[in-house]
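K.L.:
Quick one: the structure is below, and I'll ask about it shortly.
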Amino acid sequence: MNTYPNPHYPHTIENGHGEKLTMVRYVEDGQGGIIECTNEVSPKSGPPMHVHWKQEESLTVTEGRMGVEIMGQPPQFFGPGETATFTRGTYHRFWNAGETTLKCTGWVKPALNFEYFLTNIYDSIRESGNGRPAPFESAFLLKRYKTEFDMADIPAFVKKVIFPITLTLGKLQGKHKKFANAPEPIK
């Protein structure tokens, strides 16, 4: 049974490395839904360069200073009341560029598998303890949801050669069972 979007909001996830995201509510709009969220990011923390192939993302700073980088462009900085919007298909990253906790409000639309993907990535990062998701979880989630998400910092060789080996070994160990109820990827 697909449990996403989560029927119980707000839904807070933390990666244990300075990022906390609260999905405040899901709004059905007939086009894949919208997740409204808030986030808190510790100084110098933030997600790596990534892309949402099908989703737009918008963040409005409520407290602190946010650095933003679009792949191939110089960094920009945003303060309280300022908004950064990332269009689908744009590799981007953001980080806390200040000395205090960065707080933002925002949204992702269409939601599609955003909540499932990010919840599992954050869980894996927290459980690994090293600031990165575990190899099997990374390989599984990025392969299954490759039409929605990608991480720029993972070399093509790893995605094409190492990930398939990791997936095969993980399946032999039964690691895939934790994803038995994973929602179908969006084509």
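To keep it simple, each residue is scored yes or no on (1) assigned by TED's automatic domain parsing to the domain that holds Met71; (2) touching a residue at least 24 places away in the same chain (Cβ under 8 Å); (3) touching a His at 6+ places or on another chain (Cβ under 7 Å).
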{"residue": "Arg88", "(1), (2), (3)": "yes, yes, yes"}
{"residue": "Phe94", "(1), (2), (3)": "yes, yes, no"}
{"residue": "Asp123", "(1), (2), (3)": "no, yes, no"}
{"residue": "Ser128", "(1), (2), (3)": "no, no, no"}
{"residue": "Ala134", "(1), (2), (3)": "no, no, no"}
{"residue": "Ile154", "(1), (2), (3)": "no, no, no"}
{"residue": "Thr166", "(1), (2), (3)": "no, yes, no"}
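K.L.:
Name the residue that is farthest from Ile121 (Cα to Cα), counting only residues in region 19-33 that are modelled with pLDDT of 95 or more and not basic (Lys, Arg).
P.N.:
Val24
K.L.:
Continuing with the same structure: Within region 68-98, how many residues turn out to be within 27 Å of Thr147 (Cα to Cα) and in contact with a Lys or Arg (Cβ under 8 Å, 6 or more places away or on another chain)?
P.N.:
The qualifying residues number 4.
K.L.:
Moving to a separate point now. For Gly174, are the conditions met, namely being farther than 26 Å from Ser58 by Cβ and in contact with a His (Cβ under 7 Å, 6 or more places away or on another chain)?
P.N.:
no
K.L.:
Sticking with this one: So for region 118-128 (the condition being under 16 Å from Gly33 (Cβ atoms) and out of contact with any Leu (no Cβ under 6 Å at 6 or more places or on another chain)), does at least one residue qualify?
P.N.:
Yes, some residue in region 118-128 is under 16 Å from Gly33 (Cβ atoms) and out of contact with any Leu (no Cβ under 6 Å at 6 or more places or on another chain).
K.L.:
Could you figure out which of (1) over 13 Å from the mean Cα position of the chain (by Cα); (2) surrounded by 13 or more Cβ atoms within 10 Å (Cβ to Cβ) isn't true of Phe94?
P.N.:
Among (1) over 13 Å from the mean Cα position of the chain (by Cα); (2) surrounded by 13 or more Cβ atoms within 10 Å (Cβ to Cβ), Phe94 violates only (1).
K.L.:
Ala182 fails exactly one of the following numbered conditions: (1) in a loop (DSSP other than H, G, I, E, B); (2) under 13 Å from the mean Cα position of the chain (by Cα); (3) small (Gly, Ala, Ser). What is the number of that condition?
P.N.:
Of the numbered conditions (1) in a loop (DSSP other than H, G, I, E, B); (2) under 13 Å from the mean Cα position of the chain (by Cα); (3) small (Gly, Ala, Ser), the odd one out for Ala182 is (2).
K.L.:
Hey, among the residues in region 24-50 that are part of a strand (DSSP E or B) and in contact with a Ser or Thr (Cβ under 9 Å, 6 or more places away or on another chain), which one's nearest to Glu69 (Cα to Cα)?
P.N.:
The residue in question is Val41.
K.L.:
In the set Thr83, Thr105, Thr90, Thr100, which member is of a type in the set (Ser, Thr, Tyr) and over 24 Å from Thr12 (Cα atoms)?
P.N.:
Being of a type in the set (Ser, Thr, Tyr) and over 24 Å from Thr12 (Cα atoms) holds for just one of Thr83, Thr105, Thr90, Thr100, which is Thr90.
The values are calculated or read from the model by the stated rules, or taken from the named source; none is laboratory data. All of these numbers come straight from a predicted model, not from anything done at the bench. Here Cβ is always computed from backbone atoms with ideal geometry, including for glycine, and neighbour counts include all displayed protein chains.
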